[in-house]
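Below is one structure; the comments refer to it alone.
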Amino acid sequence: MEHVRGGQDQEQERSAGPQLARLMRRWWEEAGSTTGGTRPTQQALAARLGIDQTTLSRYLNPKHLSTAPPRVVEILHTQLGAPATELERARTLCRTALRENGRKQGSDSTADQAADPADPVDPSDPSDPSDPSDDLGADGLNDTSGRQPSRWLRRALVAAAIMLAFTAGALVNEQLSAPGPKATDTGATGALSASEAPYEWPLLRMGEEDQFSRARALQNLLNAHGYKVLADGFFRQDTRDAVMDFQQRHDLPVDGKVGPLTWPELVKVVEHGSGAFEVRAVQELLNNVGQGGTAVSGKFTAATVQDLKFFQRTHGLAATGRVNADTWLALLVKQLPPVKAPAYQRGTSPLPSTPL
């Protein structure tokens, strides 16, 4: 018995799920060692992924049956700076593990059915339909001797229950298939436009504190409109001057504050072919919404489009991969609580005149 159990354990260790878990755990354990940085805690990493720490621990444990979904695998690879050559192997292991899990669930279900076949015929069963003495009482359930319902009656009751469930399901399906609200260019099915959404544009104003991703997005947008401010997250006098000049040029109240009147004029549609500054502003915000790392490069890459579509799908917006006013509003509202800005975004961000 011990020999069989050991063989099963070895086979499980060689399957795709444990291999994937060991690979991702190595990414985490080696994070920061090559660059001299600090390895993130599992708690911080889980917050970035939008999952709880217990779930992440299971994904990194080769002895646990949980398999990380493809998106978590890709986000971990980005967040931990894992070798680029290992991403495709991780994707392959993930797909294989998910298929193995599906086959295992199917075989378990079949084994359960084989161990407990439905209604086996027992010649000694007094309710056997071939027994002519099996007579029902007046109530149709038990005879006068108190015997249990006959086999054919149980089957008739089961059939009636199935028919009732089928009828109820048909009615529900009819209700669900009834015409509903249609998707629009600015939102998903039933989504509201920026003017109708239950969100409010955040208010930014000059201050000494680091205002993080929202302020960096603001500064990049100002640069996209031709101004020259450092995108470091600090709303200083140079940023306020640029805001006031922008407000004056667009017939807005000139107060140096960026709120519900200024944001809609400041944001731009961002898509393939858009300028580096507005793309960088979108990436700054995507990088801080809890769905994983988005590279802030100023280049509208395929990875940026994937992250953007994922955000849009999970926030009731049309997954177009294109940033309109509704997406800008949702991105600004859904920013995580302020965290320390990455080193490359603190005081070393390139000036507008520096090529990106």
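Asp251: among the acidic types (Asp, Glu), without any contact (Cβ under 8 Å) to a residue 40 or more places away in the chain and over 13 Å from Trp328 (Cα atoms), yes or no? Can you show your working first?
Numbers: among the acidic types (Asp, Glu): yes; without any contact (Cβ under 8 Å) to a residue 40 or more places away in the chain: yes; over 13 Å from Trp328 (Cα atoms): yes.
Yes, satisfied.
Please tell me if Thr320 is β-branched (Val, Ile, Thr), in a loop (DSSP other than H, G, I, E, B) and more than 21 Å from Met206 (Cα to Cα).
Working: β-branched (Val, Ile, Thr): yes; in a loop (DSSP other than H, G, I, E, B): yes; more than 21 Å from Met206 (Cα to Cα): yes.
Yes; evaluated as a whole, the condition is true for this residue.
At least 2 residues that are among the small types (Gly, Ala, Ser) and more than 25 Å from Ala46 (Cβ to Cβ) in each: list the helices (runs of 4 or more DSSP H) lying fully within the stretch 224-313 that qualify. Break it down stepwise before answering.
Working: elements: 237-249, 263-266, 276-286.
Fully inside the stretch 224-313 and qualifying: 276-286.
Please verify whether the stretch 192-205 includes one or more residues that are at pLDDT 95 or above, crowded, with 16+ Cβ neighbours inside 10 Å and either of a type in the set (A, V, I, L, M) or not in a loop (DSSP other than H, G, I, E, B) (or both).
Yes, the stretch 192-205 contains at least one residue that is at pLDDT 95 or above, crowded, with 16+ Cβ neighbours inside 10 Å and either of a type in the set (A, V, I, L, M) or not in a loop (DSSP other than H, G, I, E, B) (or both).
The values are calculated or read from the model by the stated rules, or taken from the named source; none is laboratory data. Keep in mind that this is a model prediction, so the values were computed, not measured. Here Cβ is always computed from backbone atoms with ideal geometry, including for glycine, and neighbour counts include all displayed protein chains.
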